[in-house]
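So the structure is just underneath, and the comments pick up after that.
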Amino acid sequence: VRMSNTWLLFVNFFGQAGGGGGGAKYRNAASGGGRRITYTLSPGRPAEGELLEYLGAPDDGTKVLLFAKGSNKEKFMFCGECGCAGRVDASSGSVAVTLDLLNFDRLAADEEVFAHFREMINSHA
């Protein structure tokens, strides 16, 4: 979701191909203990194409904020601000973008929140 000075990313860690069942065409995943999130984009969708362009452009002060959930029964949790660490273009047309969680240490400092975060990303690794 694009706002005037912020992108809001909503990532699901369930119902994906290769993890969690479902049969979806993408796989969102975490690495580095949750410091990095791989998020699949479809550039053919206008908002996702615009986000992909933004992630490849010089920093203009716009923030990218990540929200994630591990199942349909959960609410999205705020994970923090992200920066783009790289991308891989797939032959299918989708693009896997690797995001660094810039506020990871702050997230990890809250034991209760971080326990939920770890459970969410580990159950779909």
- Note on the structure: With a 1.4 angstrom probe the carbon and sulfur portion of accessible area for the chain, in percent, totals 51 percent
- Message: If you take every residue apart from Leu99 with its C-beta less than 13 Å away from the C-beta of Leu99, what net charge results, scoring Lys and Arg +1 and Asp and Glu -1?
- Response: +2
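Restricting to DSSP H runs of at least four residues, report the calculated mean residue ellipticity at 222 nm for the chain, -39500 (n - 2.57) per run over all residues, nearest 500 deg cm²/dmol. Before the final figure, lay out the partial values.
Working: 3 runs with 28 residues, N = 125.
Theoretical 222 nm ellipticity from helices: -6500 deg cm²/dmol.
Per residue, what accessible area does the chain have, given a 1.4 Å probe and all protein chains present, in Å²? It would help to have the intermediate numbers written out before the result.
Values: 7130 Å² over 125 residues.
Here the per-residue accessible area is 57 Å².
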- Based on DSSP, what percent of beta bridges with both residues in the chain are antiparallel, to the nearest 5? 75 percent
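The values are calculated or read from the model by the stated rules, or taken from the named source; none is laboratory data. Predicted model, so just to flag it, every value in this text is computed and none were measured. Note: ideal-geometry Cβ built from the backbone for every residue, glycine included; neighbour counts use all protein chains shown. All accessible areas refer to the heavy atoms of the entire protein, side chains included, with ligands and DNA or RNA removed. Shrake-Rupley method; radii C 1.70, N 1.55, O 1.52, S 1.80 Å.
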